[in-house]
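Enquirer: One structure is given below, represented as C-alpha cells, and several questions about it will come after.
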Amino acid sequence: MLYTMRDVSVQYRIGERRVDVLRDFSFAVEDGEFITITGPSGRGKTTVLNILAGFLPPTSGTVLWEDNDLYAQSDDQTARYRNSQIGMVHQFFNLIPELNAVQNVMAPGLIGGANRHEARRRAEAMLDRVGVLGRAEHLPSEMSGGEQQRVAIARALMNSPRVVLADEPTGNLDRVTAAEIVALMSRLHAEDGTTMILVTHDPTVAAAGTRMIQMD
Ligand SMILES: Nc1ncnc2c1ncn2[C@@H]1O[C@H](COP(=O)(O)OP(=O)(O)OP(=O)(O)O)[C@@H](O)[C@H]1O
Ligand SMILES: [Mg+2]
C-alpha cells in the first residue's frame, strides 16, 4: 500500500462550535492506481488531499505513507516527502505569477537540489511532454487556463513523484479543455505508472480513473 488512512477523523473548532468533517474515514491506495474522488461540496474531499499531502494532521486516526506514519516524521522528512514523492495540481493552477512557464516547472527541481542547467533541461522535456514547450517563456498571465494547467502538471511531475494529488484540476476549464487535461493525466499514468488521486465534481472526469470513491 502506498497510503493507508485508518479511522481518520477531522474536527474543526470555530469558537464554541465544532465541525465534524471526517468521521472514522478509512481508505487505502495501492501503488499505480488512478483514483477519482467525488461527492457533494463540503464533504471533505479537499481535506483528504490535504491530509495525504502532509499539511493537515487529523484529529484522530493514522495516516501511513508506505509503512511510515506521515505525521510522526521530522519536519525535514515531511519537506522531502512533499518535494520528491508527491506532486500537486490545483483548480486555479497556482503557478507563481512572476515566473514564466519553464521557471515554474524548474522550481521544485531547484528546491530539490538540482543544478540550474539540469533543472532547465528536465523542465523543457516536461513541458514538451505535456504539449506546451512553445509557451516556455510565457508568464502565467500570458497563457490560457488549459495551458496553465499543463504547466502545473509538468511542475507536479518535475521530480518524478510517486503520487499526483489533484484537486478539481478541470474545475475551471471548459469541457473540451477538461477532456484534454484528463486524457493527458491518463496518458502520464499509463506511461509512468504514477499513482493519481484526483478530486472532481464531473462524472465524465471521475470515469477516467481505475477506481472511483464516492464521499457521502
Ligand atoms: N480551516 C477550516 N476551519 C473550519 N472549517 C473548515 C476549514 N477547512 C474546511 N472546513 C470545513 O470542512 C468541510 C469540508 O471542507 P472541504 O474543503 O474538505 O470540502 P470539499 O469536499 O473539498 O468541498 P468542495 O467540493 O466544495 O471543494 C466544509 O464544511 C468546510 O466548511
Ligand atoms: Mg474541495
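Enquirer: Take the conditions hydrophobic (A, V, I, L, M, F, W, C) and crowded, with 18+ Cβ neighbours inside 10 Å and apply them to Val48. Does it pass?
Expert: On the way: hydrophobic (A, V, I, L, M, F, W, C): yes; crowded, with 18+ Cβ neighbours inside 10 Å: yes.
Criteria met by Val48.
Enquirer: Determine whether region 127-135 contains at least one residue that is of a type in the set (Gly, Ala, Ser) and more than 19 Å from Thr177 (Cβ to Cβ). Break it down into steps so the answer makes sense when it comes.
Expert: First pass over region 127-135, keeping only residues of a type in the set (Gly, Ala, Ser): 131, 134.
This time we only want the ones that are more than 19 Å from Thr177 (Cβ to Cβ), so: none.
No, region 127-135 contains no residue that is of a type in the set (Gly, Ala, Ser) and more than 19 Å from Thr177 (Cβ to Cβ).
Enquirer: What number of residues within region 70-92 are within 16 Å of ligand 1 (Cβ to nearest atom) and among the aromatic types (Phe, Trp, Tyr)?
Expert: Of the residues in region 70-92, the ones within 16 Å of ligand 1 (Cβ to nearest atom) are 88-92.
If we keep only those that are among the aromatic types (Phe, Trp, Tyr) as well, we get 92.
Residues in region 70-92 being within 16 Å of ligand 1 (Cβ to nearest atom) and among the aromatic types (Phe, Trp, Tyr): 1 in total.
Enquirer: I would also like to ask the following. Go through region 57-74 and give me each residue that's touching a strand residue (DSSP E or B) at 6+ places or on another chain (Cβ under 7 Å) and farther than 14 Å from Tyr3 by Cβ. Steps first, answer last, please.
Expert: Going through region 57-74, the residues touching a strand residue (DSSP E or B) at 6+ places or on another chain (Cβ under 7 Å) turn out to be 58-65, 69-71.
Listed by number, the residues that qualify are Thr59, Ser60.
Enquirer: For region 47-62, how many residues meet the condition of being in contact (Cβ under 8 Å) with a residue 40 or more places away in the chain and more than 10 Å from ligand 1 (Cβ to nearest atom)?
Expert: Narrowing region 47-62 to residues in contact (Cβ under 8 Å) with a residue 40 or more places away in the chain: 48-49, 51-53, 56, 58-62.
The next check asks that each one be more than 10 Å from ligand 1 (Cβ to nearest atom); those that pass are 52-53, 58-62.
The qualifying residues number 7.
Enquirer: Still on this structure, please answer the following. Here is a list of conditions, (1) under 18 Å from the mean Cα position of the chain (by Cα); (2) crowded, with 20+ Cβ neighbours inside 10 Å; (3) within 16 Å of ligand 1 (Cβ to nearest atom), and Trp65 meets all of them except one; can you say which number that is?
Expert: (3)
Enquirer: Find the residue count for region 1-19, including only residues that are among the aliphatic types (A, V, I, L, M) and in contact with a helix residue (DSSP H, G or I) (Cβ under 8 Å, 6 or more places away or on another chain).
Expert: Narrowing region 1-19 to residues among the aliphatic types (A, V, I, L, M): 1-2, 5, 8, 10, 14, 19.
Adding the requirement that they be in contact with a helix residue (DSSP H, G or I) (Cβ under 8 Å, 6 or more places away or on another chain) leaves 5, 8, 10.
So the count comes out to 3.
Enquirer: What pairs come out if I take residues in region 73-85 that are more than 25 Å from Gly193 (Cβ to Cβ) and pair them with residues that are surrounded by 13 or more Cβ atoms within 10 Å (Cβ to Cβ) whose C-beta lies under 6 Å away, six or more apart or interchain?
Expert: Close Cβ pairs satisfying both conditions: none exist.
Enquirer: Has region 17-35 got at least one residue that is among the basic types (Lys, Arg) and either in contact (Cβ under 8 Å) with a residue 40 or more places away in the chain or more than 16 Å from Arg6 (Cβ to Cβ) (or both)? I'd like the intermediate steps shown before the answer.
Expert: Just the residues of region 17-35 that are among the basic types (Lys, Arg), to begin with: 17-18, 23.
Now narrow it down to the ones that are either in contact (Cβ under 8 Å) with a residue 40 or more places away in the chain or more than 16 Å from Arg6 (Cβ to Cβ) (or both): 17-18.
Yes: one or more hits.
Enquirer: For region 10-46, give me each residue that is in a strand (DSSP E or B), of a type in the set (Ser, Thr, Tyr) and within 12 Å of ligand 1 (Cβ to nearest atom). Give the derivation first.
Expert: Of region 10-46, the ones in a strand (DSSP E or B) are 10-14, 17-29, 34-38.
Now narrow it down to the ones that are of a type in the set (Ser, Thr, Tyr): 12, 26, 36, 38.
Result: Tyr12, Thr38.
Readers should treat all values here as calculations from the given coordinates under stated rules, not as data from a laboratory. Here the structure is a predicted model, which is why all the values come from computation and not from measurement. All Cβ positions, even for glycine, are placed from backbone atoms using ideal geometry, and neighbour counts span all protein chains on display.
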